[in-house]
Every structure is written in structure tokens, then in C-alpha cells.
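Scroll down for the structure; my scribbles are underneath it.
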Amino acid sequence: LVAAWSVVVGEGHASPVVSAGRVYVFAREGEQETVRCLDLETGRELWRDVYPVVYDMNPAARGHGKGPKSTPVVADGRVFTFGIQGHLSAYDARTGALLWRKTFGREYKETSPAFGTSVSPLVDGSRVIVHVGGEDSGALTAFDVATGQVVWKWAGDGPAYTSPIIAAPGGTRQLITQSQKRCLAVDPATGALQWEIPFTTPYDQNIVTPVVAGDLVIFGGIRNPMFAVRVSRGTPVTVWESREISQYMSSPVLDGHRLYGMSDKHRGSLFTLDATTGAVLWKSEGTLGSNASVTDVGPALLVLTDRGELTVQDKKGDALVARARYQVADAPVWASPAVVGDRLLIKGKTTLALYGFAGAAPTAD
């Protein structure tokens, strides 16, 4: 890998987002959260917004830093960010003008869960959806993208760290996520609860983003088996569970019937699982570390660990075979890379860098 440019942007786990030749990155500098727009080719700053955020970290998460963990979303000329203390902001993507900002201190005693807000905003038509609030008190909420006005709320639980998805398993369109103590789905148009499953992990660390495979919805969580449900007449029924695989912070990816990811067992190991049956098809030896982001680029996976190592893992039948390894940082990397053709944007502890492959590179479809 060869770096085309590298710029200091601040600390945080939010992944960079690319749209129309621009890069949007969300981080923290001192006691301020900072939203930047950079030129993709040069790294030159095009606009920036900063605002003060006082945040006291949970002692158990001090190693993660005080930076935001929620990745921005760009849609229809707007950028939405969700800060570590629950500041929800909307910007004009071209100019950086602040369109609106919401804080929730008057509604909830806590405006973020115990280890900081991690839910990434989801735009669905004219609505931007996030889970606001804090421990034991919050609401999955849809806001009007233009005005920030509340469209609907589901207030059945506090937020987790999972980012929601929208899919239609079984033909019914639904927003699927994990809350503090549940796996659930709501109607993305109205917020009406469609189904729910009690689900808890130690210290309420529901983190893993759900995956939909056909008519199955697959969930995971630390010290819990991965499992899949099929929803029949509004009732979720468990189809399979795999006690061989447990996931902590790393979310899996699906390619056909194969589900790829990182298990937190064996000090971090890669796996391939049959998404239709739950059968484990392949596992690596382990020792990857505490976390890794897994990015599917067609013939290969990019696995970026919290040790700052990036590996290119070729798909060989059910197995993964490491083709190349690169040390891209000397400090933990928690953000997922952004793939731009044959280039990668990688957010390190305080820097954002654009890399190109010196030789043949795996590319996204």
C-alpha cells in the first residue's frame, strides 16, 4: 500500500464516507466534535464545522478514546452525524451549512448509552432514523430530513450500539436492529413494532448489526451463540443457532449463502458459516485481537484489525486465504475502511489517509 495523502482529523471510530468526489469524516479534537469535508484526490479541506461536546468516558472504555463512534450518512445533498453524547446534526453536503441540530438532554436523563453513542443514522426517504437517549430510557426515532421534526417514535427500550438496517425478509419491509435488551423490527414508515425477541449481553453490549439472508434474520452478541430467525405471522421463530461462533463488536458480511465474520472466541478468529443452516464451514486459528472490521470486495475480504493490520483474504471455496498483509497504523484502528475502486480510505487514531495498492488490488463490485 502506498499513501497518496494523510491528514490529521482528530480521534474517533467513525468511518469515512465518500460521495461525489468528497470525503466526509467525523472526529473529535480537544473538547469539540468536528465534521470535515475533504477533496478525495488531494485531502484538501473544503469545509469544516466544530461544536463543543463535554463527555466523560466510562472507565471501562478509556482505551477507546472520547471520539465519536457513529459513522455519518450522506443522502440527497445532506450529511447527518450523530455524536458520542447524542448530538444529531444535519448539514448541506456541498457548503457545510448547518441545517439543524437536535440534543436530547431535556427528554432523557442520559443522552448516550454507557460506552457512548455508536448507532449510525439511517436515511429512509424523507426520514433519518436513530436510537436516541441512554441506558434504560430512549426511543428509536425518525426525524424529517429537511426540518428535524419528529415523525415517529418507538420508546420500548434504551439504545444499544447496533446500527439499524432496512430489509424485507418474507416480503415485509421492516427496520431491523438491536436495542439495549432486545432484537426487534419496526415499520420504517410508522415506527409500529412488528416483532421483538428478548436479547441481553454482559453490560448490555448489543453491538452486532443484523444480517438478512433470504427470509432469515441473523443476530449475534458477546457470550451468545449466533442465531437466525424466520418471522411467521409476526412471530420470530429460531431456525438455527451456532454455539461455535460468538461475536462482540465485529459485524459479519454475506456473500450468497456464506456468512463471513470474526468470532471473539480463540482471541479473535475468522469464520465462514452457512447462512441457511448455521453450519460452520471454516474457522481460522485465531489470535486476531479484540476486533476487526470485515469488508467484502467481491473475490476477497479486507480484514482490518484493532492492531492496525490490514489483510486481504481471498475467498477459496468455504475457506479464506490471506494473500497480503499491510501494517497501516501503529495504534489501534476501530473504523472500517472506505473502498473507492482500487483505493482505500483508512481512519487511524487521529489521521485519515488515502492508500493505493502498489500491485494488483481487490476491487469492490
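Contour minus end-to-end for Arg233 and Arg48, with contour as 0.36 nm per residue of separation and end-to-end as the Cα-Cα distance? Write out the running numbers ahead of the final one.
Details: separation 185, 0.36 × 185 = 66.60 nm, distance 4.84 nm.
Length gained, Arg233 through Arg48: 61.8 nm.
In debye, nearest 20: dipole of the chain around its Cα centre with unit charges on the Cβ of K, R (+) and D, E (-)?
Values: 35 positive and 36 negative charges, 21 e Å.
Rounded to the nearest 20 debye, it is 100 debye.
Can you run phi through the Karplus equation (6.51, -1.76, 1.60; θ = phi - 60°) for segment 33-45 and list ³J(HN,Hα) in whole Hz, with x for Gly and Pro?
Values, residue by residue: 8, 10, 10, 10, 10, 10, 6, 4, 6, 10, x, 5, 6 Hz.
Taking Rh as the Kirkwood radius computed over C-alpha pairs, what is the Stokes-Einstein D of the chain at 10 °C in a medium of viscosity 1.306 mPa s, expressed in µm² per second? Please list the in-between numbers first.
Values: Rh = 20.7 Å.
Roughly 77 µm²/s, to the nearest whole number.
What value in Å³ per residue do you get for the convex hull of the alpha-carbon atoms in segment 135-252? Working shown, then result.
On the way: hull volume 12.2 nm³, N = 118.
Looking at segment 135-252, the number lands at 104 Å³ per residue.
From the residues Leu302, Pro252, Ser242, which one has its Cα farthest along the dipole of the chain in the positive direction, the dipole being from +1 and -1 charges on Cβ of Lys/Arg and Asp/Glu about the Cα centre?
Ser242
Extending each Cα 7 Å along its Cβ direction at Ile222 and Asp39, get the distance between those two points in nm, one decimal.
For Ile222 paired with Asp39, the spin-label model returns 4.3 nm.
What spacing in nm lies between the two simple spin-label points modelled at Ala60 and Thr172, each 7 Å away from Cα in the Cβ direction?
Simple spin-label model gives 3.4 nm for this pair.
Using a 7 Å offset from Cα along Cα-Cβ at Leu99, what residues in segment 130-167 end up with backbone N under 18 Å from the label point?
130-131, 141-152, by backbone N distance to the label point.
Using modelled backbone amide H atoms (1.01 Å from N, in-plane), which distant-in-sequence or interchain residues come within less than 5 Å of Arg173's amide H?
none
Can you compute the modelled spin-label distance between Lys316 and Gln32, with each label point 7 Å from Cα toward Cβ, in nm?
Using points 7 Å along Cα→Cβ, the separation is 5.1 nm.
Take the Cβ-Cβ distance between Ala155 and Asp274 as r, set R0 to 30 Å, and report the resulting FRET efficiency rounded to the nearest 0.05. Mind showing how you got there, number by number?
On the way: r = 37 Å, r/R0 = 1.24.
According to the calculation, E is roughly 0.20.
If you place +1 on the Cβ of every Lys and Arg, -1 on the Cβ of every Asp and Glu, and leave all else neutral, what size is the dipole of segment 165-241 about its Cα centre, to the nearest 20 Debye? It would help to have the intermediate numbers written out before the result.
Working: 6 positive and 5 negative charges, 9 e Å.
Charge dipole of segment 165-241: 40 debye, to the nearest 20.
So which trypsin sites (Lys or Arg not before Pro) in segment 112-175 end up in coil per DSSP with only 16 or fewer other C-beta atoms within 10 Å?
Arg173
Using a 1.4 angstrom probe on heavy atoms only, work out the carbon and sulfur share of the accessible area of the chain in %.
Values: 6970 of 14750 Å².
Solvent-exposed carbon and sulfur of the chain make up 47 percent of the total.
How much accessible area per residue does segment 221-303 have, counting only protein heavy atoms and a probe of 1.4 Å, in square angstrom? Walk me through the intermediate numbers first.
Working: 3550 Å² over 83 residues.
I get 43 Å² per residue for this part.
Rank by packing, highest mean first: peptides 194-207, 76-89, 294-307, 93-106, with packing defined as the count of other Cβ atoms within 10 Å averaged across residues.
Values: 194-207: 16.6, 76-89: 22.4, 294-307: 19.9, 93-106: 14.4.
Highest-to-lowest ranking by the protection proxy: 76-89, 294-307, 194-207, 93-106.
Pairs Lys109/Lys181; Lys69/Lys265; Lys153/Lys265; Lys181/Lys265; Lys153/Lys347; Lys316/Lys349: which are spaced more than 30 Å apart, C-alpha to C-alpha? Write out the running numbers ahead of the final one.
Working: Lys109/Lys181 18 Å; Lys69/Lys265 24 Å; Lys153/Lys265 37 Å; Lys181/Lys265 22 Å; Lys153/Lys347 33 Å; Lys316/Lys349 33 Å.
The pairs that break the limit, which is 30 Å between Cα atoms, are Lys153/Lys265; Lys153/Lys347; Lys316/Lys349.
Which peptide among 312-322, 215-225, 45-55 comes first, and what is the full order, when sorted by highest mean count of other Cβ atoms within 10 Å? Please report the intermediate quantities before stating the final value.
Numbers: 312-322: 15.6, 215-225: 20.6, 45-55: 13.9.
Result, highest mean Cβ count within 10 Å first: 215-225, 312-322, 45-55.
What is the calculated FRET efficiency for Ala20 to Val253, with r their C-beta to C-beta distance and R₀ = 25 Å, to the nearest 0.05?
On the way: r = 25 Å, r/R0 = 1.01.
Taking R0 as 25 Å, the efficiency between Ala20 and Val253 is 0.50.
The values are calculated or read from the model by the stated rules, or taken from the named source; none is laboratory data. If you're wondering where the values come from, they're calculated on a predicted model, not measured in any experiment. So basically every Cβ, Gly included, is an ideal-geometry build from the backbone, and we count neighbours across all protein chains shown. These area figures cover heavy atoms from the full protein model, side chains too; ligands, DNA and RNA do not enter into them. Shrake-Rupley method; radii C 1.70, N 1.55, O 1.52, S 1.80 Å.
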